[in-house]
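Colleague: Here it is, the structure in full.
Derivation of every value follows stated rules applied to the coordinates shown; laboratory data play no part. Being a predicted model, the structure only gives us computed values, none of them experimental. Here the Cβ is made from the backbone with ideal geometry for all residues, glycine too, and neighbour counts use every protein chain on show.
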Amino acid sequence: LDFVEGSFTDLPAGVASKKFSHIFSQVALVHVHKLLPQILQQAQSVLADGGIMVINDYLGSDVGVSNETREHVYKRLHFDQIFGHKKWRHVVEDSNLSLLYYENLDAHMAEAYSQAADTAERFGIDSADGTPLADNYRGTVRAIE
């Protein structure tokens, strides 16, 4: 079992020359959604025949971005663009990868942020900009819902 740390946008030669049975991405691609087609192409180039790529990604809205989302999600997490569920699926399907399983876990994410807000409030934790982290997390819950 080999774990390889690297960049999806610029695979190191030692990685680019290998084939992998599994590729796993945990909330990483959201930071480079603009580059998702190129990233999927690179991933596909190192995925062995019959290999599986598992992606757990943070997705946005399909109907536009509210000011609240810009304030509590984009600003806090330094995002400039987040694909919605439909756009994300469209990009994946256009990459010639087979989408074997897809599940929208927004409700779970909202609950997790709600609990995180309660904890941040209980401990008086502030965001990097000095605003209460609980307020930002609650704004994220509203943005998700």
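Colleague: Using +1 on the beta carbon of Lys and Arg, -1 on that of Asp and Glu, and nothing else charged, what's the dipole of the chain about the Cα centre, debye to 20?
Modeller: Values: 12 positive and 20 negative charges, 59 e Å.
With only Lys, Arg, Asp and Glu charged at Cβ, the dipole is about 280 debye.
Colleague: What does the charge count near residue 128 come to, summing +1 for each Lys or Arg and -1 for each Asp or Glu among other residues with Cβ under 13 Å from its Cβ? Provide the component values of the computation, followed by the final result.
Modeller: Details: positive: 75, 76; negative: 126, 129.
Net charge in that neighbourhood comes out at 0.
Colleague: To continue, here is another question. Starting from the alpha-carbon convex hull of segment 93-145, give the projected area averaged over all orientations, in nm².
Modeller: Mean orientational projected area (segment 93-145, Cα hull): 5.3 nm².
Colleague: Now for a different question. Considering the options 101, 136, 72, tell which one lies farthest towards the positive end of the dipole of the chain, charges being +1 on Lys and Arg and -1 on Asp and Glu at the Cβ, about the Cα centre.
Modeller: Value computed over the given set: 101.
Colleague: Identify which of 98, 61, 114 has the largest mean-square fluctuation in a Gaussian network model of the chain, with springs joining Cα atoms closer than 10 Å.
Modeller: Residue with maximal mean-square fluctuation among 98, 61, 114: 98.
Colleague: Which longest uninterrupted range of the chain lacks any chymotrypsin sites (Phe, Trp or Tyr not before Pro) assigned by DSSP to a loop state (not H, G, I, E or B) and surrounded by at most 15 other Cβ atoms within 10 Å? Mind dumping the intermediate values first?
Modeller: Working: sites that count: 3, 101, 102.
Maximal segment without exposed cleavage sites: 4-100.
Colleague: What are the radius of gyration and Dmax of the chain, computed over its Cα atoms and given in Å?
Modeller: Rg, Dmax (Cα atoms, Å): 17.3, 50.
Colleague: All other residues with a Cβ under 14 Å from the Cβ of residue 104 taken together, and with Lys, Arg as +1 and Asp, Glu as -1, what is their net charge?
Modeller: Working: positive: 86, 87, 89; negative: 57, 62, 103, 106, 111, 145.
Residues near residue 104 contribute -3 overall.
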